[in-house]
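Chemist: Dropping a structure here in structure tokens format, bear with me for questions.
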Amino acid sequence: MKAKININTQTDISKIDDRIYSSFIEHLGRAVYGGIYEPGHESADDMGFRQDVMKLIKELKVPMVRYPGGNFVSGYNWEDGVGDKAKRPRKLELAWNSIETNEVGIDEFQEWAKRAETDVMMAVNLGTRGADDARNLVEYCNSSTDTYYADMRRKNGFDEPFGIKVWCLGNEMDGDWQIGTKRPAEYARLACETAKLMKMVDPSIELVACGSSGPQMESFGHWEETVLREAYDHVDYLSLHSYYGNPDDNSQQYLGSAAIMDKFIKDVVAICDKVKEEKKSEKSIMLSFDEWNVWFHSNEQDKKQKPWQVAPPLLEDMYNLEDAIVVGDLMITLLKHSDRVKIACLAQLVNVIAPIMTETGGGVWKQTIFYPFLYTSVNGRGTALKTEVQSETFTEGKAENVPCVDSVAVISEDKETISVFAVNRKLDESAELDIEGLEGYKLVSHISMEGDDLKAGNSMAEPDKVTPVTHEVGEGVSLAAASWNYLSYKKM
Ligand code: AHR
């Protein structure tokens with residue numbers, strides 16, 4: 001098949017906010033305990049943080065990590081995780097039927113984040129708690145005043161405020177699985193009043209209101225409108241969450257997943273702008289796609305886990321090649337919407353639906369999805385350029401009229417490099433590309449995720465079974481059937 005990609009180096013989509021390459025660590029399964037934190041592990045530092053894991057996180061250049069949940073946050077008392085570790089309570093954790101030891105809390109996590117060269121994106125509990133606890137937490141983290149919670153932080157050993165800039169107003173509050181589910185109007189009021197108080201404590205923070213938990217929710221649309229009508233002036237971002245998967249084992253349909261994300265983003269932008277218009281506001285609400293990934297492999301095995309374990313292996317999806325292609329494609333979609341998507345968090349980072357896996361007491365290895373995230377995060381910084389793609393489309397099951405090829409181009413700040421990210425979603429046909437608009441630039445490298453076995457994945461025993469393929473750079477560019485590609489062009 002033939003496809004054409006026209007890159008307009010004179011027309012920007014937007015300067016990309018680096019926080020589009022953020023991720024997420026929840027107190028869930030082995031993300032924290034046995035993941036980023038394992039005192040006694042041979043690579044643990046003085047605070048018990050695994051250095052082997054941290055090294056891979058730094059490789060991914062993740063600018064911000066959402067914490068501590070997810071569903072977990074809706075039953076969490078942040079005070080349980082600060083101060084003297086010996087006095088911290090061991091509690092029933094109701095979101096994931098586990099036991100939370102509270103050995104790690106915000107005191108430790110913000111220190112971990114510094115060491116991992118990333119920022120914290122903090123979520124507050126609007127499930128079992130509310131505005132009062134949220135504003136206290138902002139004071140604990142960010143205030144330099146001589147007042148109760150800022151003093152508590154100092155007594156706990158932290159003279160300097162943590163300076164946490166971005167805060168989530170709860171998590172998936174419309175989901176009936178959520179601890180303290182809310183009706184739309186109920187959450188809208190709570191989010192608005194909580195936002196006001198949090199900004200009174202620290203006016204420099206940015207706030208993310210919960211959108212509905214996904215486009216499949218019955219409340220989708222109505223929820224967003226209700227929340228924005230109430231809280232528009234007090235919040236900066238609206239959250240989007242979505243997970244993709246191939247439970248029907250229909251790879252062609254699955255490779256069309258990014259089209260679903262694309263529509264979801266467009267629908268949410270339309271809602272935000274409708275409310276902006278109603279309010280005659282100067283401000284545009286930006287999007288925080290703060291949970292996205294592939295998640296479905298571990299669903300059945302998770303049902304077999306016994307309740308009330310400390311750090312049980314939950315949501316440990318083992319990713320394969322087709323998942324990596326979909327993840328790369330989802331990143332292309334996020335970049336195509338970088339004028340509105342300013343924050344996006346790959347959910348999650350370690351062990352739980354994650355690019356990085358550990359063995360408790362053992363080694364660390366990279367899942368297939370590590371690679372498209374790595375190449376896009378490292379090379380996709382700068383400005384997204386308007387990129388038009390002409391290709392055939394396919395229809396397969398729920399995927400209707402999906403373009404076989406999609407692409408986005410990013411020009412670096414110094415304009416020396418243009419990175420083109422491209423996907424061929426067609427299972428059985430390669431795509432011969434005609435790339436226009438890159439006069440003055442020369443192709444210097446072509447790396448892809450492709451292979452004969454779409455179901456192949458990595459493991460501790462075979463950590464390099466699926467790795468990127470480096471192509472000889474010649475005259476034309478061909479995208480293999482079912483492949484994700486990174487093409488690097490340098491100024492001549
Ligand atoms: O990322 C896993 C879970 O997915 C999060 O806890 C929740 O917010 C979502 O449903």
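The values are calculated or read from the model by the stated rules, or taken from the named source; none is laboratory data. This one's a predicted model, so the numbers in the text were calculated from it and none came from an experiment. When we count neighbours, we look across all protein chains shown, and the Cβ atoms used for this are built from the backbone with ideal geometry, even at glycine. Only protein heavy atoms, including side chains, enter the accessible area calculation; ligands, DNA and RNA are left aside. Shrake-Rupley method; radii C 1.70, N 1.55, O 1.52, S 1.80 Å.
Chemist: Looking at Glu359, Glu282 in this structure, which one is more than 27 Å from Pro247 (Cα to Cα) and away from the ligand (no atom under 16 Å from the Cβ)?
Modeler: Glu282
Chemist: Ok, one more. Yes or no: the range 105-128 includes at least one residue that is part of a loop (DSSP other than H, G, I, E, B), out of contact with any Ser or Thr (no Cβ under 9 Å at 6 or more places or on another chain) and over 27 Å from Ile57 (Cβ atoms).
Modeler: Taking every residue of the range 105-128 in turn, none turns out to be part of a loop (DSSP other than H, G, I, E, B), out of contact with any Ser or Thr (no Cβ under 9 Å at 6 or more places or on another chain) and over 27 Å from Ile57 (Cβ atoms).
Chemist: Residue check, Met54 against (1) away from the ligand (no atom under 13 Å from the Cβ); (2) open to solvent by 40 Å² or more (accessible area, probe 1.4 Å), all met but one. Which one?
Modeler: (2)
Chemist: Now a separate question. Any idea which of Ser242, Ser284 is closer than 18 Å to His337 by Cα and assigned to a loop (DSSP other than H, G, I, E, B)?
Modeler: Ser284
Chemist: Could you tell me whether Leu315 is part of a loop (DSSP other than H, G, I, E, B) and of a type in the set (A, V, I, L, M, F, W, C)?
Modeler: yes
Chemist: Residues of the range 85-104 being outside any loop (DSSP other than H, G, I, E, B) and either of a type in the set (Asp, Glu) or out of contact with any helix residue (DSSP H, G or I) (no Cβ under 8 Å at 6 or more places or on another chain) (or both), which ones?
Modeler: Lys85, Ala86, Lys87, Leu92, Glu93, Ser98, Ile99, Glu100
Chemist: Pairs under 7 Å by beta carbon, first residue closer than 14 Å to Glu193 by Cα and open to solvent by 50 Å² or more (accessible area, probe 1.4 Å) in the range 220-234, partner of a type in the set (Lys, Arg) and in a helix (DSSP H, G or I), six or more apart or different chains?
Modeler: Between residues of the range 220-234 that are closer than 14 Å to Glu193 by Cα and open to solvent by 50 Å² or more (accessible area, probe 1.4 Å) and residues that are of a type in the set (Lys, Arg) and in a helix (DSSP H, G or I), the close pairs are Glu230/Arg189; His234/Lys196; His234/Lys199.
Chemist: Another question, if that's okay. Collect the residues in the range 65-79 that are away from the ligand (no atom under 16 Å from the Cβ) and not in a loop (DSSP other than H, G, I, E, B), keeping them in residue-number order.
Modeler: Matches in the range 65-79: Trp78, Glu79.
Chemist: Just checking, how many residues over the range 348-367 are among the small types (Gly, Ala, Ser), at pLDDT 95 or above and open to solvent by 10 Å² or more (accessible area, probe 1.4 Å)?
Modeler: Qualifying residue count, the range 348-367: 2.
Chemist: Of all residues in the range 232-244, how many are within 19 Å of Ala344 (Cα to Cα), out of contact with any Ser or Thr (no Cβ under 8 Å at 6 or more places or on another chain) and not polar (S, T, N, Q)?
Modeler: Total satisfying the criteria: 3.
Conditions (1) more than 18 Å from Val208 (Cβ to Cβ); (2) open to solvent by 10 Å² or more (accessible area, probe 1.4 Å), marked per residue:
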site: Glu282; (1), (2): yes, yes
site: Pro307; (1), (2): yes, yes
site: Ile332; (1), (2): yes, no
site: Lys342; (1), (2): no, yes
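Chemist: Residue check, Asp12 against (1) more than 17 Å from the chain's Cα centre (by Cα); (2) buried (at least 24 other Cβ atoms within 10 Å of the Cβ); (3) acidic (Asp, Glu), all met but one. Which one?
Modeler: If we test Asp12 against (1) more than 17 Å from the chain's Cα centre (by Cα); (2) buried (at least 24 other Cβ atoms within 10 Å of the Cβ); (3) acidic (Asp, Glu), just (2) comes out false.
Chemist: Is there any pair linking a residue in the range 375-388 that is within 17 Å of Asn485 (Cβ to Cβ) and of a type in the set (Phe, Trp, Tyr) to one that is open to solvent by less than 50 Å² (accessible area, probe 1.4 Å) and part of a strand (DSSP E or B), with Cβ under 7 Å and at least six apart or on different chains, and which?
Modeler: Tyr375/Ile447; Tyr375/Tyr486
Chemist: I'd like to know if the range 311-324 contains one or more residues that are closer than 21 Å to Ser239 by Cβ, aliphatic (A, V, I, L, M) and either open to solvent by 10 Å² or more (accessible area, probe 1.4 Å) or at pLDDT 95 or above (or both).
Modeler: So far as the range 311-324 goes, yes, one or more of its residues are closer than 21 Å to Ser239 by Cβ, aliphatic (A, V, I, L, M) and either open to solvent by 10 Å² or more (accessible area, probe 1.4 Å) or at pLDDT 95 or above (or both).
Chemist: Separate question: Does Arg129 satisfy the condition of being open to solvent by 10 Å² or more (accessible area, probe 1.4 Å) and more than 23 Å from Ile343 (Cα to Cα)?
Modeler: Taking the combined requirement at face value, the residue satisfies it.
Chemist: I would also like to ask the following. Filter the strands (runs of 3 or more DSSP E) completely within the range 371-470 down to those with at least 2 residues that are crowded, with 21+ Cβ neighbours inside 10 Å and touching a Leu at 6+ places or on another chain (Cβ under 8 Å).
Modeler: 405-411, 417-424, 431-436, 441-449
Chemist: Another one. Name the residues in the range 140-191 that are of a type in the set (Ser, Thr, Tyr) and within 16 Å of the ligand (Cβ to nearest atom), would you?
Modeler: Across the range 140-191, the qualifying residues are Thr181, Tyr187.
Chemist: Could you tell me whether the range 198-209 includes any residue that is within 24 Å of the chain's Cα centre (by Cα) and within 16 Å of the ligand (Cβ to nearest atom)?
Modeler: Yes, the range 198-209 contains a residue that is within 24 Å of the chain's Cα centre (by Cα) and within 16 Å of the ligand (Cβ to nearest atom).
Chemist: Moving to a separate point now. Any idea how many residues of the range 246-264 are in a loop (DSSP other than H, G, I, E, B) and open to solvent by 30 Å² or more (accessible area, probe 1.4 Å)?
Modeler: So the count comes out to 4.
Chemist: With the checklist (1) away from the ligand (no atom under 16 Å from the Cβ); (2) under 30 Å from Asp428 (Cβ atoms); (3) not polar (S, T, N, Q) in hand, flag the one item Tyr243 doesn't pass.
Modeler: (1)
Chemist: Here is a further query. For Gly83, only one of the following conditions fails: (1) on the phi > 0 side of the Ramachandran plot; (2) free of Cβ contacts under 8 Å to residues at least 40 places away in the same chain. What is its number?
Modeler: Tallying (1) on the phi > 0 side of the Ramachandran plot; (2) free of Cβ contacts under 8 Å to residues at least 40 places away in the same chain, Gly83 fails exactly one: (2).
Chemist: Test Tyr149 against the criterion of being closer than 22 Å to Ala86 by Cβ and open to solvent by 10 Å² or more (accessible area, probe 1.4 Å), and give yes or no.
Modeler: Yes; evaluated as a whole, the condition is true for this residue.
Chemist: Specify the residue that is surrounded by the most Cβ atoms within 10 Å (Cβ to Cβ); the eligible residues are those in the range 15-48 that are of a type in the set (Gly, Ala, Ser), away from the ligand (no atom under 16 Å from the Cβ) and assigned to a loop (DSSP other than H, G, I, E, B).
Modeler: Gly34
Chemist: State all residues of the range 288-317 that are more than 16 Å from the ligand (Cβ to nearest atom) and in contact (Cβ under 8 Å) with a residue 60 or more places away in the chain; if no residue qualifies, say none.
Modeler: Within the range 288-317, Pro307, Trp308, Gln309, Val310 qualify.
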